[in-house]
């Protein structure tokens, strides 16, 4: 038996008609038409599922255009890099994922795209992995410091920064005129009213929160008065404030070096915009590329606006610090600092003879060794 086949379309129609007559099996039919059994079954399926034009060739246009999609995605990556010129492949990858982009390329592919478009320094050395430590919960510890001051068109700006240790959330980024106790206190009050108060705050030994002679100032005593423990970084060890120091480098890289500021208001506007970006948009490598806002929550400890009541234990030796900042113990004078003037402190005996711990409220502030001298805690 033979058939005259004029076209592939008429061949398909004839194939289906002969199959419907039931005079020949599928193997013989495919052999006569010179096609594989797989193709024969495909024709039969299309005939059963298709419409009246089932025998026509379908469009050969692919369902998707990988090259076109890749070009669009590459353009997105370039645009994001131009918007965030200091963000590398890992941050841009996470940002694309957060925006719902499907089939996001790897961080190394994004980096290669940036290099191809001359948007990244090919000689730049990537950050080395470092051992990181963080407190268990938000508000366990806030780090506070001044970023180095810089010149504006009119005057100088002293950026005050406060960072939550656990989440890296930027609590405060304030453009200050000076590094004074009043400016810092007012900025902290704003932060406490918005976020509550932390368990502890740490800062360096400089003014206005550190004193070369005895460590404590009126500002740190005020923090103790409202229920916050205070600690200072070790002299010449800035890594104690490591997260805030790292925040300062990022601030300089992404904000300060890219802007010329006229005045404090100009600075504060830029600071506010960038702080919002830092907390809510910018992926953080130390947080597994999450943003700080996902790790932070407001403190349950509310700011009361005044000193909290406090009572020492009955067995404590209570001494009131005089105006010159000293107390007497065992006929010896001990200088605690004028910041404590007029305030009662508790002296607790230790297991070692001649050694006493000095507490102000909830915090141990000094150790007195009657054979030597006062030691700051």
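The values are calculated or read from the model by the stated rules, or taken from the named source; none is laboratory data. Nothing here was measured: the structure is a model prediction, and the numbers come from that model. No Cβ is skipped: glycine too gets one built from the backbone with ideal geometry, and neighbour counts run over all protein chains shown.
Against the conditions (1) closer than 30 Å to residue 258 by Cβ; (2) modelled with pLDDT under 75, residue 99 satisfies every one except (2).
Among the residues of the stretch 200-232, those identified as outside any loop (DSSP other than H, G, I, E, B), farther than 13 Å from residue 143 by Cβ and either in contact with a strand residue (DSSP E or B) (Cβ under 6 Å, 6 or more places away or on another chain) or at pLDDT below 75 (or both) are 220, 223, 224, 229. Kindly evaluate residue 56 against the criterion of being at pLDDT 75 or above and either more than 30 Å from residue 105 (Cα to Cα) or touching a helix residue (DSSP H, G or I) at 6+ places or on another chain (Cβ under 9 Å) (or both). Criteria not met by residue 56.
Residues are listed down the side, and each one gets a yes or a no for (1) surrounded by fewer than 16 Cβ atoms within 10 Å (Cβ to Cβ); (2) modelled with pLDDT under 95; (3) assigned to a helix (DSSP H, G or I):
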{"residue": "234", "(1), (2), (3)": "yes, yes, no"}
{"residue": "240", "(1), (2), (3)": "no, yes, yes"}
{"residue": "244", "(1), (2), (3)": "no, yes, yes"}
{"residue": "247", "(1), (2), (3)": "no, yes, yes"}
{"residue": "253", "(1), (2), (3)": "yes, yes, yes"}
{"residue": "260", "(1), (2), (3)": "yes, yes, no"}
{"residue": "267", "(1), (2), (3)": "no, no, yes"}
{"residue": "275", "(1), (2), (3)": "no, no, yes"}
{"residue": "305", "(1), (2), (3)": "yes, yes, no"}
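Filtered by the rule that a residue be surrounded by fewer than 19 Cβ atoms within 10 Å (Cβ to Cβ) and over 16 Å from residue 282 (Cβ atoms), the stretch 74-103 gives 74, 75, 76, 78, 79, 100, 101, 102, 103. Of all residues in the stretch 284-296, exactly one satisfies the criterion of being touching a residue at least 60 places away in the same chain (Cβ under 8 Å), touching a strand residue (DSSP E or B) at 6+ places or on another chain (Cβ under 7 Å) and part of a loop (DSSP other than H, G, I, E, B), namely 296.
Conditions (1) exposed (fewer than 14 other Cβ atoms within 10 Å of the Cβ); (2) modelled with pLDDT of 95 or more, marked per residue:
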{"residue": "126", "(1), (2)": "yes, no"}
{"residue": "137", "(1), (2)": "no, no"}
{"residue": "164", "(1), (2)": "no, yes"}
{"residue": "185", "(1), (2)": "no, yes"}
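Those strands (runs of 3 or more DSSP E) of the stretch 312-377 in which 3 or more residues are exposed (fewer than 15 other Cβ atoms within 10 Å of the Cβ) and within 42 Å of the chain's Cα centre (by Cα) are absent.
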